[in-house]
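Undergrad: Got a structure here, written out as structure tokens. Questions coming.
The values are calculated or read from the model by the stated rules, or taken from the named source; none is laboratory data. Quick caveat: nothing in here was measured; it's all calculated off a predicted structure. Neighbour counts are summed over all protein chains in view; Cβ atoms, including those assigned to glycine, are modelled from backbone coordinates with ideal geometry. These accessible areas exclude ligands, DNA and RNA; they are computed on the full protein's heavy atoms, side chains included. Shrake-Rupley method; radii C 1.70, N 1.55, O 1.52, S 1.80 Å.
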Amino acid sequence: MTALRYVRGALQMEQADLAAVAAEFGTPCYVYSRAVIEAAYNAYDAAFGQRPHRICYAVKANSNLAVLNLLARLGAGFDVVSGGELARVLRAGGDAGRVVFSGVGKCADELRAALAAGIGCFNVESAAELERLNRVAMEMGLKAPLALRVNPDVDARTHPYISTGLRENKFGIPAAEAPALYRHAAALPGVQVRGIACHIGSQLTDLAPLAEAAGRVAALRQALLDEGIGIEHVDLGGGLGIAYENEAVPSHADYVAAISAPFAGSGVSISIEPGRSIVGPAGVLLTRVEYLKPGAERNFAIVDAAMNDLLRPALYDAHHAVLPLRDSGSREPMSWELVGPVCESGDFLARERSLALAEGDLLALRDAGAYGFVMSSNYNSRPRPAEVLVDGAQAHLIRARETQDDLWRGEVMPAG
Ligand code: LLP
């Protein structure tokens, strides 16, 4: 689903004119559609139907409090990977009991905070973490609910930086070692075995590796049951990829059918941790053309957004479609490189795009709602952009643009 359409030559998100949003809040600026976020969550929920399930939104994709609050109100659970993300979920009104805590490097303070909050499940990624969790929980007089995150050694066939389910990746416990570690966990006094977790990668548009990983989790579950170790839920990781360019993306129904097939008739609850597919298509990054610099080799359009605002193109060579906010009328299109003001040749947002540009034009980089703002930085001392949530014709500021004072908040010049 998209909420973007041209109405009389002006790009709208839902019923809001994006040029008016840019005029009100400035550029660069992230803008998200409430309707698209809600529809994406509801599509997963509907695809599971009556089967016991939990949708734990992956907070890392977009952790703005307003976004988390929307999802909390829909009944979402949350997948967090740090104490900071957990604090955001709680602050946004999320239910701690529906939080799962993933990640390879949870420190003792983070474990304590999550135990104190009463989260639903720790997805433990190593034998060493299991020992630490047991110790911390015992010190607090609690029993930590856990799943072991197993690494199924399945090739997700996605970008190597976001592939996680191969033996060579740092994530999870090798599948062959999992049964022994479960036996050990079952005997520890500070933990309680609840589930099996697994995540093989992100931006997956092929269901076969997901189905294969689910099959391996089902086999492990059966082996544990045979030993008397009960498993209440299986957590099958992130959600679907999205169509940044013209990728064919499976439907929610096909995705749920593929991952749940190995558990047919088992009654086990299935959790997923989608991030990108919930917020990615809901967001755009608005930017203004500062200068046009046509050249013999390449034509550069220098815009006011940069790699510090949207890192995905520089880091993964990722594609984001570019839409002009106003119909360019009779101007002739040319091939442009969209680049930012940051002093790095890697600072590009889009390459070889056929556009009819003029200085001052406003553009939207599409599908920027996931892993956009959250990966932004202050590199080159650039204040981070504003974030806006569109709801019908209304545009709400959900994070103010940073000011120059924000840039040096916490910095100290020692006297003398
Ligand atoms: N669960 C776990 C354990 C994960 O590691 C991730 C993503 C997710 C869930 C959410 O996956 P999703 O539904 O969003 O595919 N920065 C990269 C993406 C990194 C994803 C890392 N893990 C990008 O911009 O493409």
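Undergrad: Conditions first: (1) free of Cβ contacts under 8 Å to residues at least 40 places away in the same chain; (2) touching a Lys or Arg at 6+ places or on another chain (Cβ under 8 Å); (3) part of a loop (DSSP other than H, G, I, E, B). ILE119 passes all but one, so which condition is the exception?
TA: (2)
Undergrad: Turning to a different aspect of this structure: Could you please let me know if GLU168 is open to solvent by 10 Å² or more (accessible area, probe 1.4 Å), at pLDDT 95 or above and in a loop (DSSP other than H, G, I, E, B)?
TA: No; evaluated as a whole, the condition is false for this residue.
Undergrad: Please go through segment 83-111 and give me each residue that is assigned to a helix (DSSP H, G or I), out of contact with any Gly (no Cβ under 9 Å at 6 or more places or on another chain) and open to solvent by 60 Å² or more (accessible area, probe 1.4 Å), ordered by number.
TA: LEU90, ARG91
Undergrad: Select from segment 287-329 the residues that are of a type in the set (Gly, Ala, Ser) and in contact with a strand residue (DSSP E or B) (Cβ under 8 Å, 6 or more places away or on another chain) and write down the one among them that is surrounded by the most Cβ atoms within 10 Å (Cβ to Cβ).
TA: It comes out as ALA305.
Undergrad: Next question. When only residues in segment 5-56 that are under 18 Å from ARG288 (Cβ atoms) and aromatic (Phe, Trp, Tyr) count, which is least open to solvent (accessible area, probe 1.4 Å)?
TA: By that ranking, first place goes to TYR30.
Undergrad: Next up: Could you grab me the full set of residues in segment 254-300 that are more than 28 Å from ALA321 (Cα to Cα) and more than 16 Å from the ligand (Cβ to nearest atom)?
TA: Of everything in segment 254-300, those that are more than 28 Å from ALA321 (Cα to Cα) and more than 16 Å from the ligand (Cβ to nearest atom) turn out to be ALA257, SER260, ALA261, PRO262, PHE263, ALA264, GLY265, SER266, GLY267, VAL268, SER269.
Undergrad: Could you look through segment 200-217, keep only residues that are outside any helix (DSSP H, G or I) and open to solvent by less than 40 Å² (accessible area, probe 1.4 Å), and pick out the one that is nearest to the ligand (Cβ to nearest atom)? It would help to see each step written out before you state the result.
TA: Residues of segment 200-217 outside any helix (DSSP H, G or I): 200-206.
From what is left, the residues that are open to solvent by less than 40 Å² (accessible area, probe 1.4 Å) are 200-204.
Working: ILE200: 9, GLY201: 8, SER202: 3, GLN203: 6, LEU204: 7 Å.
Here the residue is SER202.
Undergrad: Going through SER354, SER345 one at a time, which residue ends up being assigned to a strand (DSSP E or B), open to solvent by 40 Å² or more (accessible area, probe 1.4 Å) and not basic (Lys, Arg)?
TA: Residue meeting the stated conditions: SER354.
Undergrad: Here's another thing I want to ask about it. Just give me the residues in segment 218-248 being open to solvent by less than 40 Å² (accessible area, probe 1.4 Å), more than 16 Å from the ligand (Cβ to nearest atom) and not in a loop (DSSP other than H, G, I, E, B), in sequence order.
TA: ALA218, LEU220, ARG221, LEU224
Undergrad: Could you check how many residues of segment 43-82 are within 16 Å of the ligand (Cβ to nearest atom) and assigned to a helix (DSSP H, G or I)?
TA: Within segment 43-82, the first condition is being within 16 Å of the ligand (Cβ to nearest atom), and the residues that meet it are 43-45, 47-48, 53-64, 67-68, 71, 76-82.
Filter once more, so that each one left must be assigned to a helix (DSSP H, G or I): 43-45, 47-48, 59-61, 67-68, 71.
Final tally of qualifying residues: 11.
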